[in-house]
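Chemist: I am attaching a structure below and will ask some questions about it afterwards.
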Amino acid sequence: MIADIKQGAVKENIFSDEKILVIKHLYKAFGNYQVLIDFNLEVSKGESVVVLGKSGSGKSVLIKCIIGLLKPDSGTIEMLGENIGDLDNEELDKIRAKAGFLFQSNALYDSMTVRENLEFPLRRHWIEVSQNEIDLMVTEALEDVGLVHTIDMMPAALSGGMRKRIALARTLILKPDIILYDEPTTGLDPMTGKEIIDLMMGIKKKYNTTSLIISHDMNCVKHAGDRVVILLEGRCYADGTYEALKQHPDLKVKQFFE
Amino acid sequence: MIQSPAIKIFLNEVGELSRFTGRFFNQCFKPRYEFKEFIRQCFVIGYRSLPLVALTAFILGLVLTMQLRPSMVDYGVESQIPVIVGIAIIREIGPVITALIFAGKIGSSIGAELGSMKVTEQIDAMEVSGTNPFKYLAVTRIIAATVMLPVLVILGNAISLYGSYLGVNMQSTTSFSLFWTQVFDSLSFSDVVPSFVKSFFFGFAVGIIGCYKGYNSNKGTEGVGHSANSAVVVSSVMIFIIDLLAVQVTQALGLN
């Protein structure tokens, strides 16, 4: 039974009706290998959706299609009211300024200090911003992740968890409307992973951001998402709350929770 | 139909490199111009290569003079050492050796840096941050390499000739002014200009190949090492090919 199985009531009353992200019939293949086949998803404003899937199921491809790093073969992705496929580079940059992206590998610039890493998106997206404003925003973002003391350090001098938090601060600095997290807890020990999840939830609460989280870490799925979407065989196989999907009779859904 | 996989790979590589070069020319004239990063790259690529270029150029001039002396003494033309060394260094040895050192230092460093940025998603992060990574990373490095190599060649040539002056004075005495007068009197337009012009092409080749290899790096950390290595090998071969073409062109133009 492969279908969008709506299980359990999503906490609809706390989210706005405004759709921040709408994906329709997304198809992406690499040669003969079909990664995404007719993938559909809607994310409301303020909602936190986790896309759960096995390694190699196309989760990272999906998130890269959303941010415009990969071009889908067919289907539409509408983010913040704009169809990503119709945008030229300049328009895409404007959308990217409103959408944060936390990379799985953190993607901190090795040759820059923490301060320069955080300043980079600010200077590129907001050309008119003054140095004083930049300093304030960098400090505020670092305060949010509790790492102000690392401001002049190089990324190589930081631990894995600290690098993840700095990457999160860099994502936050533009005060995005939606944050896309690509495997935020992968490669971290359970304690640090928990800290990152708490931080993500704190940020969501403080800035009321919408989140799309790609993960196969069940701890992250359980705590960070208002809604869970299972990506299987290139499709949105099941969709519901964590508790509802955990009780789901379908064996393919069940295997994720065992 | 091409059967050999090696030829297919080679032709594919040539095609991709040509496309990359086309993309460079397409992007380098369009705004937004990355002046700040270009200046930083000139410092990294040019200034930081100077000590290595200076040391090797000095030793080259000194050793060339010492090796040349016995033969020149045998033919009784010891006084012509500055002339021979001057022409050899300015026309050929200076630009080619400096370019090969440049390929080893800068080609490998660009290949490894961009390769590691690629595999750790830093290039993607740059794109998400509203930056055209090709322009910011590749175009600035290619132009900096093209501009800085001729500067290094000029400085390297001068240091080589100074090494040669010391070499001459190790076993005889020649005044500083006489040495330099002999060198400059022996040089003509056709010695200086073609060698200076070809060093721009050497710099461009090192920059474009380093960036191409780094930008197309894959297979994780193994791929980074491969990018750095192949950037040096391909750049070095390209330097000799450009040198060969430069000789043909200067001959065709009657500049030899």
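Chemist: Does segment A:105-139 hold any residues that are in a helix (DSSP H, G or I) and at the interface with another protein chain (Cβ under 10 Å from one of its Cβ atoms), and which are they?
Modeler: Matches in segment A:105-139: A:Asn117, A:Phe120, A:Pro121, A:Leu122, A:Arg123, A:Arg124, A:His125.
Chemist: So, one more: Run B:Val147 past the list (1) more than 14 Å from every other protein chain (Cβ to nearest Cβ); (2) within 21 Å of B:Arg40 (Cα to Cα); (3) surrounded by 24 or more Cβ atoms within 10 Å (Cβ to Cβ) and report the number of the one that doesn't hold.
Modeler: Tallying (1) more than 14 Å from every other protein chain (Cβ to nearest Cβ); (2) within 21 Å of B:Arg40 (Cα to Cα); (3) surrounded by 24 or more Cβ atoms within 10 Å (Cβ to Cβ), B:Val147 fails exactly one: (3).
Chemist: Working only within segment B:36-59, note down all residues that are within 21 Å of B:Ile208 (Cβ to Cβ) and touching a Gly at 6+ places or on another chain (Cβ under 9 Å).
Modeler: Those that are within 21 Å of B:Ile208 (Cβ to Cβ) and touching a Gly at 6+ places or on another chain (Cβ under 9 Å): B:Ile45, B:Val53.
Chemist: Follow-up. Of all residues in segment A:79-97, which are closer than 19 Å to B:Ile123 by Cα and either in contact (Cβ under 8 Å) with a residue 24 or more places away in the chain or facing chain B (nearest Cβ under 9 Å) (or both)?
Modeler: Matches in segment A:79-97: A:Asn89, A:Leu92, A:Asp93, A:Lys94, A:Ile95, A:Arg96, A:Ala97.
Chemist: Going through B:Ser172, B:Ser177 one at a time, which residue ends up being without any contact (Cβ under 8 Å) to a residue 12 or more places away in the chain and more than 14 Å from chain A (Cβ to nearest Cβ)?
Modeler: Details: B:Ser172 fails: without any contact (Cβ under 8 Å) to a residue 12 or more places away in the chain.
Being without any contact (Cβ under 8 Å) to a residue 12 or more places away in the chain and more than 14 Å from chain A (Cβ to nearest Cβ) holds for just one of B:Ser172, B:Ser177, which is B:Ser177.
Chemist: Tell me, please, whether a residue that is touching a Cys at 6+ places or on another chain (Cβ under 9 Å) and either within 11 Å of chain A (Cβ to nearest Cβ) or not charged (D, E, K, R) (or both) can be found in segment B:111-133.
Modeler: Taking every residue of segment B:111-133 in turn, at least one turns out to be touching a Cys at 6+ places or on another chain (Cβ under 9 Å) and either within 11 Å of chain A (Cβ to nearest Cβ) or not charged (D, E, K, R) (or both).
Chemist: I would also like to ask the following. Filter segment B:203-224 down to the residues that are of a type outside the set (A, V, I, L, M, F, W, C) and over 19 Å from the mean Cα position of the chain (by Cα) and list them by number.
Modeler: B:Tyr215, B:Asn216, B:Ser217, B:Asn218, B:Lys219, B:Gly220, B:Thr221, B:Glu222, B:Gly223
Chemist: Among the residues of segment B:1-26 satisfying the criterion of being more than 21 Å from the chain's Cα centre (by Cα) and among the polar types (S, T, N, Q), which is nearest to B:Phe204 (Cα to Cα)?
Modeler: Of everything passing the filter in segment B:1-26, B:Asn26 is nearest to B:Phe204 (Cα to Cα).
Chemist: OK, next. In the set B:Ser227, B:Ser199, which member is closer than 14 Å to B:Glu113 by Cα, among the polar types (S, T, N, Q) and under 19 Å from the mean Cα position of the chain (by Cα)?
Modeler: B:Ser227
Any read-out appearing in this document is the output of simple, stated calculations on the displayed coordinates, not a laboratory observation. Since the model is a prediction, treat every value here as computed from it, not as a measurement. In this analysis, Cβ positions are derived from the backbone assuming ideal geometry, glycine residues included, and neighbour counts consider all displayed protein chains.
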